[in-house]
Each structure stands twice: as structure tokens, then as C-alpha cells.
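All remarks here apply to the structure that follows.
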Amino acid sequence: MGHEAAVLKSITGETMALLGVAAKGSVDGLLFELAVEQRYRNSEATNIEAVYTFPLPSSAVLLDFDVTLGDKQLTGVVVERKAAEAQYEEAIDKGDTAIMLERAGDGLLTVNLGNLMAGEEATIRYRYAQLLRFEHGSVRLTVPTVIAPRYGDPVEGGLQPHQVPVSDLVVEYPFTLSLELRGEIASGTIASPSHSIATARTDDGVTVTLNRNAWLDRDFVLTVSDLVAQSMSMVAKDGDGYVALASFCAEVPKSAEELPLRLKLVVDCSGSMNGDSIEAAKRALHHVLAGLSPADRFSFTRFGSKVVHEIGTLVAANAPAILKAAERLGRTQADLGGTEMEGALREVFRLGGEETRGRSGADVMLITDGEIWGADSLIAEARGAQQRVFVVGIGSAPAEGVLRRLADATGGACEFVGPKEDAEVAILRMFARLRAPRVERADIAWPQSPNWVTPIPHGLFGGETIHVFAGFDALPAGEVSLQLAPVGGGAALAARAALPAEVSKIANHTAEDIGRSVLSTCARMAASTRIETADAETKLALALHYSLLTDQTNFIVVHARAEGEKAKSLPELRTQANMHAAGWGGVGTVIARESMSCMSFNDISGPQFSRDRSAKVSKSCDLPESIDFDMPEAPSVRRDVPRPDRARPFPMAALERQLLKDSRFWSSKLPETLAELTCLKGQPDIRAELRQLIARGYNEGIVVRAILETVQSPEFMLHAPRHLARALRNLFKTKDEYAEIRAAVLAIVLRNMESEVAP
């Protein structure tokens, strides 16, 4: 791993088990595969549970999950999610080591490393594949590495308490990366707007490496331009059958008439956009304004916790209107508080009334970092508005999964622009999409009748790759074609690709023996695409057969330890913090010079950074007063848990609600004294009676444990964080243990809660 710290500490002094990350990958045609290693070391004197939530490209398909624990080589298997969680908890209770990988929302994964013993090291490896796309003669590859803080409630993003990511200004994780580009893509112009890279020609193509120290504080972005976009295909084995992938790239006819735009411009001015992101957004918007013609109409809206319509109706894009918008854009700052994106888009969708709905209505161009939780309701709102949303994702670590879902759901498109990346190219591509004829119908003709075909994407634009899979019993042969019919008639957009006469090598070079048959990478990617539109039963069947990580399945590894090597106590929870995303919220900035390197907070000393090195040790980091981060506390999350036998005579009361809040700051070690139970501060009567019990000779630790066991109502256990539920579950192994004191404590609680639960 190279430059790794011996012991990593967070800003609060917590020890981080994560040491660093290394990645190695390849690009063959448009197939990108990346193998990633995360290295962990438990530098503490006790066994721990290391939990780390990290990003993955939204379209990536996870293929492998393996673990090296000391000298043990362990291979993960995919099982149904509830079964995996049960296996994980059972292993923890037995003192064994369990490692589980699970989905945690749009483009997020959580690895759970339970019972990593004192002084022990572990290396977690996962491999994923992703299909890239030609976009008007260029290909963009992104390796996300960091999760910036998000606005809103993580429960709306489907996260459980242990999955909620945290950011830290001090932690530093080294990152190494090497890529090999093969085939036609190696002939293009290669650049990285995010990192300083080195390239070298090989017999097969080009290798790309990071040529300076890099860290997990920004996404890695590689662009390959000056390419000739082309349609292509491959065929791979799928058990006893075959799967074909057709990647079409149809050009827009040069004679296509450009219709005037009705464009609603929306820029995110929340606190998270402060610094690099708002400056990049302003540059992008200036390019947008410059690209409008007098026949176009536009509006201009800023939003945060409130919505400000700078130009609140669709006006002609004449010189005075453009000048007015440019002047107001020049004064724009990230000073509008939290990211209330759903409410802002709802207002923007209503601009212009019903005349802006539907195919011939207005389009929305949204410029944002997308750092929000709870995207489902936002996407439902956008889909119902019947207006296409074109998203420009800004920043060093935009929420790619959220933004792509929003664009795809409305038939729009998504571009990403880094802090030091030229926005003009991305905006020109957006205008090409906006002005292109809308597609009325898409038809694909296969040379033989397929057993199944994956859906064609909702948003179809010329000059860009469209991937479609199909399944066959026998090896298909011949030509597959795509035809796109523009709205209102006119010239059709057509593309053709000849299927190879034999199985493609790159589709099978990572074939694996999974269950009953040999399944190729291509077949597993096809299955992942099919899952997106399948019913729940079919989704689970496909995920289990093709060994895929989904919202219904997890990867799980269990290492049964010898009797003398088992953990003697429950592991202490250690959430692995993400690094602070470079430039997020105005803290630091991505350096502005031609040869960019990826720097850590140890390097914040030169004029290229907006803050001095004091940011490394200051919790406040001298943040500007205009930023309203308004980040809510990590909420509790409903989930399926075993319900206790006994029923509670009242709903979750103040004592339990406060205990849930307190538990966020605990590890798996529960309080042992009344003083440590801060939830009792607001319950003076209960505290007084409990002290009387202790004065009569009852052990204080047992009294505290009885309180914790007493509050295990169904409502409480449905909301309790996993580590707390686990610790509570292990408090009392039999019903008659400490029966007398449990009954006494329960009587005290019930007596003092009667006033809260009276009907």
C-alpha cells in the first residue's frame, strides 16, 4: 500500500481500522473491470466491529467478494439478506469472525467486519464490472472513493443506523490505482481532471497510474476523447445458453431541425455547494447562458432551504434577459441553507403551468452536487411532472447514484463536472441532447428470436451508446440493428452491429464456476440489468443464481474460530469515517494548477488552499457563517427484528426515545452505572427509586442492565441500532436470571410512566 499511517485517528480521537485502498483495473472496448483492496488493522486491545460505508458506480455490478484474515483465505457467498444478517449475528454471538457486504442505498455499499481481534489484520477484496459509453466521441470513467455529507434523513435513503456514513476532517486513507486500456479506447486522448496521472504505451494499449500520493478525498475521473464512436457487440456463455450484448451508437442526422428550447435553469445554492462546487456551477451556467439563442426561452432559479426565482417565468433569451441573468449569476453564493431539492423542483415544475408538461413542454437543467438523502420521493415528483431533467453534477464527489436516477426517470441525461474540469464540453453535450429530435419509438431487430431482452433506456440521444442484452439457447449469428424514430417523423436514427461468430474473449476471461454452471461476467451483468425491472420473486431468483449483490441479497463470509481463539465479549463498534471530500462546503479546495496532485489535509499549507492547516485540528474549521449545514442527527430506522415474548402495556416513551439518542454514541459496551445512563436525567423520579434499590443492597451494574433490558419493547427494538440490539439481546440468557430485580425495575418504570400513556 505504500504511504500508510501506522495508526489513524479521527478528529475525536477514535482509532480507524481502515489503512488504505488499492485498485487495479482494465478497460476492454467499453467493458471496465476494477479489483479493489481495502486493508484493515485492529490497533486496539479489544476485538472490534469495523463498519465502513463507501461508494460504488451506480451502474456497476459486483462480481467477487473475498477476505484474507491473517493466513486464512475466505470467499464470500451470496445469500438472501435476512439469512445473511442472521448468520452474521450468530457468528458474532459465538465469538467467531464474520464479514458481510450489503447495499446501503443509491451507489453505496457497507462492509461489516465483525470480531476483528486485537492486533489482527484483514484485507477485503471486491471486484466489479461496468459498461462505459461513448458520448459524442469521448468516454468518461469514474471511480468514486468518498461520500460527502448529505442533507436530509438517511432513513429515506434506506439506510440502517450502522450504515450511515460519517465524514472526518482528520482521517487520511492512501489510495493507489492502476488501469490498463486495451483496444480502440487506447488510441484516444487520455486525461484526468481529478488526479495527476502517468501513462505508458504497452503492446496491448496504455497503462494509467497515479504519479503522486493520492487519498480517498475525491473521485478519480479519467476522460478519453478524440474517439470514433461506433456500435459494437459481444456474445458470451450463460450456463448452457448464450447472452449477447449490443452496444449501439447512432448519430443524429445533420439535417435535423433544432427546435427552440424552453429551459428552466436551477442551481443548488445550499451550504454543501460552497467553495469549489459553487464556482464550478457558476462557470457551467455562464456556458449555458452563452449557448441560448434569441428564439429560446428560459427561467433562472436558485434554491437551498428556500427558493429564489431570479427570473420566475419563461422569458425570451434576448440580450437584455441574458445580461440580467448573468449579473445575478455573478452575485450567486452558496448561502441558502439546506438542500431542499424536492420542494425547489416542485416549484420549478409549476413555472409556466400546464403548457410546460409533456413531450413538447419545458426541460429542466439542474446544477447540483446531489448530496441529499431520500431521493425516492424526489424522483416520483419529477416523473409525475412530465418534464425532462438534465443534471449537471458538480464537485469532487457528487452523489452520482441519486443524480443518474433522477435524470433516467424523466428521460433526461446526466453530466459530471469536477472542480477544475472545463464545463464547456459538458454543456455543449447537454445542448446537443436538448436540441436533438425527441425519440418516438425504438425498435431492435435480432437475427434470431431471443428468450428475453433487457429494456431500452428511457432517455435516448444520438451520438451516445445504448446497451441492450438478450438471451439465446444457441449461439446467435448475424446482424443486430437499432432504429429510433423521431417525434413528428423525419429521418430515422439507425445503428447496426454484427454479432461475432464466436464467443468474445473479453466477455469470458473472468468466467467463474458459480453453482450449477459457468457464468461469464457478461451474463452476470445481463442478469443485473434484468433485475431492475423484474418482480420481487424473479429478482431474488436471479440474484441467487447469478451470485449478485442486490437489495435482497448480501455477500457473507464466516470464519469459525477454534475454541481458544474465539472472542470473549461482544465487539466494540468502530464506524470507519470517510475522508472529508475535497472542496466540500468550502473547506479546502482542489488545487488549481496544470499538474494536479491529490493532497491530504497534511498538505494544506500553500496559497492554493483556501484554509490553513489549522483545519486539521479544529472541529469548526472556521467555516463561513453563511453556510447552514443543518445536518440532522442520525435517525433510527425500522427493520425486521425478533420481537420479545412479553408485550409492553404502553408505546415507546420518553425514557426509550432518549436511550435511542444516547445509544448512537455507544460502542457495543453498555453503560454500567446510573451516571452513564444520561437518559435518566429527564426522569428524576425513576432515578431516585433506582438509587433506593441500590441502597438496599442491589448491585448497581445489575440495576443498570435491568433498566436496559426493561426498555426492550417491540417499538424500541424496531428502532434500535444493530450494535445496541445485539448487546441487549445478550444481557439475559434465561428468563429467570435476575428475575427479582428485573421485576422491581419494571415496576418502577411502569409506575412513573403511567402519566405518559394515559389514554
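When region 17-69 is limited to residues that are over 22 Å from A399 (Cα atoms) and hydroxyl-bearing (S, T, Y), the one that is farthest from the chain's Cα centre (by Cα) turns out to be T46. Inside region 648-685, can you point out the residues that are at pLDDT 80 or above and in a helix (DSSP H, G or I)? If the condition is that a residue be at pLDDT 80 or above and in a helix (DSSP H, G or I), then L674, A675, E676, P684, D685 are the ones that fit. Taking region 443-476 as the range and being over 31 Å from the mean Cα position of the chain (by Cα) and surrounded by 14 or more Cβ atoms within 10 Å (Cβ to Cβ) as the test, the residues that pass are I444, W446, P447, Q448, P450, F472, L475, P476. Remark: S293 falls outside the filter, which requires a residue to be in contact (Cβ under 8 Å) with a residue 24 or more places away in the chain and under 34 Å from the mean Cα position of the chain (by Cα). Each residue in region 287-323 was checked for being under 19 Å from A334 (Cβ atoms) and aromatic (F, W, Y), and 2 pass. What's the total number of residues in region 52-75 that are more than 21 Å from V143 (Cα to Cα) and either modelled with pLDDT of 95 or more or basic (K, R) (or both)? Number of matching residues: 7. Residues of region 345-354 that are at pLDDT 75 or above, assigned to a helix (DSSP H, G or I) and either crowded, with 19+ Cβ neighbours inside 10 Å or more than 26 Å from the chain's Cα centre (by Cα) (or both): L345, E347, V348, F349, R350, G353. Starting from residues that are closer than 20 Å to G76 by Cβ and β-branched (V, I, T), keep the ones in region 100-154 and report whichever is nearest to the chain's Cα centre (by Cα). Among residues in region 100-154 that are closer than 20 Å to G76 by Cβ and β-branched (V, I, T), the one nearest to the chain's Cα centre (by Cα) is T110. Would you please list the contacts, defined by Cβ atoms under 9 Å and residues six or more apart or on different chains, that run from a residue in region 307-331 that is over 20 Å from L351 (Cα atoms) and without any contact (Cβ under 8 Å) to a residue 60 or more places away in the chain to a residue that is surrounded by 13 or more Cβ atoms within 10 Å (Cβ to Cβ) and among the basic types (K, R)? Going by the 9 Å Cβ cut-off, the qualifying pairs are G330/K282.
Annotation note: of A495, A511, the sole residue that is surrounded by fewer than 20 Cβ atoms within 10 Å (Cβ to Cβ) and either more than 21 Å from Y126 (Cα to Cα) or at pLDDT below 70 (or both) is A511. Consider region 277-306 and keep the residues that are hydroxyl-bearing (S, T, Y) and surrounded by 20 or more Cβ atoms within 10 Å (Cβ to Cβ). The one that is nearest to E347 (Cα to Cα) is T301.
Quick grid of which residues meet (1) within 22 Å of L542 (Cβ to Cβ); (2) without any contact (Cβ under 8 Å) to a residue 12 or more places away in the chain:
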| site | (1), (2) |
| --- | --- |
| W446 | yes, no |
| S449 | yes, yes |
| W452 | yes, no |
| P455 | yes, no |
| F461 | no, no |
| T465 | no, no |
| F469 | yes, no |
| A477 | no, no |
| Q483 | no, no |
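Condition check for G411 on (1) surrounded by fewer than 20 Cβ atoms within 10 Å (Cβ to Cβ); (2) within 25 Å of A527 (Cα to Cα): one failure, at (1). Taking the criterion of being in contact with a helix residue (DSSP H, G or I) (Cβ under 8 Å, 6 or more places away or on another chain), at pLDDT 95 or above and among the charged types (D, E, K, R), would at least one residue in region 76-83 satisfy it? Within region 76-83, one or more residues are in contact with a helix residue (DSSP H, G or I) (Cβ under 8 Å, 6 or more places away or on another chain), at pLDDT 95 or above and among the charged types (D, E, K, R). Does A148 satisfy the condition of being over 18 Å from E49 (Cα atoms), in a strand (DSSP E or B) and small (G, A, S)? Here the answer is no, as A148 does not meet what is asked. Could you give every pair whose Cβ atoms fall below 6 Å, whose first residue belongs to region 136-152 and is among the hydroxyl-bearing types (S, T, Y), and whose second residue is not in a strand (DSSP E or B), counting only separations of at least 6 or pairs across chains? Listed pairs, sorted by first residue: T142/D219; T145/L216; T145/D219; Y151/G338; Y151/T339.
The residues of region 78-95 that are closer than 25 Å to V61 by Cα and surrounded by 14 or more Cβ atoms within 10 Å (Cβ to Cβ), listed by number, are V78, V79, E80, R81, A84, E85, A86, Q87, Y88.
Note on region 1-116: enclosed strands (runs of 3 or more DSSP E) holding 2 or more residues that are of a type in the set (A, V, I, L, M, F, W, C) and in contact (Cβ under 8 Å) with a residue 12 or more places away in the chain are 18-28, 31-41, 48-55, 61-69, 77-80, 97-103, 108-116.
Say we look at region 330-344 and pick out the residues that are surrounded by fewer than 20 Cβ atoms within 10 Å (Cβ to Cβ) and assigned to a helix (DSSP H, G or I); which of these is farthest from the chain's Cα centre (by Cα)? Per the criteria, the residue is G330. Residues in region 8-30 that are closer than 25 Å to A186 by Cβ and either acidic (D, E) or modelled with pLDDT of 95 or more (or both): A22, A23, K24, G25, S26, V27, D28. Applying the set (1) at pLDDT 95 or above; (2) small (G, A, S); (3) assigned to a helix (DSSP H, G or I) to S299 leaves exactly one unmet item: (3). Entry remark, region 528-567: residues being among the small types (G, A, S), assigned to a loop (DSSP other than H, G, I, E, B) and in contact (Cβ under 8 Å) with a residue 12 or more places away in the chain number 3 in total. Please verify whether region 361-379 includes one or more residues that are within 19 Å of F134 (Cβ to Cβ), among the aliphatic types (A, V, I, L, M) and either surrounded by fewer than 21 Cβ atoms within 10 Å (Cβ to Cβ) or touching a residue at least 40 places away in the same chain (Cβ under 8 Å) (or both). For region 361-379, residues within 19 Å of F134 (Cβ to Cβ), among the aliphatic types (A, V, I, L, M) and either surrounded by fewer than 21 Cβ atoms within 10 Å (Cβ to Cβ) or touching a residue at least 40 places away in the same chain (Cβ under 8 Å) (or both): absent. Per this entry, S595 is not counted among residues that are at pLDDT below 95 and crowded, with 22+ Cβ neighbours inside 10 Å.
The values are calculated or read from the model by the stated rules, or taken from the named source; none is laboratory data. From a predicted model like this one, the values you see are computed outputs, not experimental measurements. No Cβ is skipped: glycine too gets one built from the backbone with ideal geometry, and neighbour counts run over all protein chains shown.
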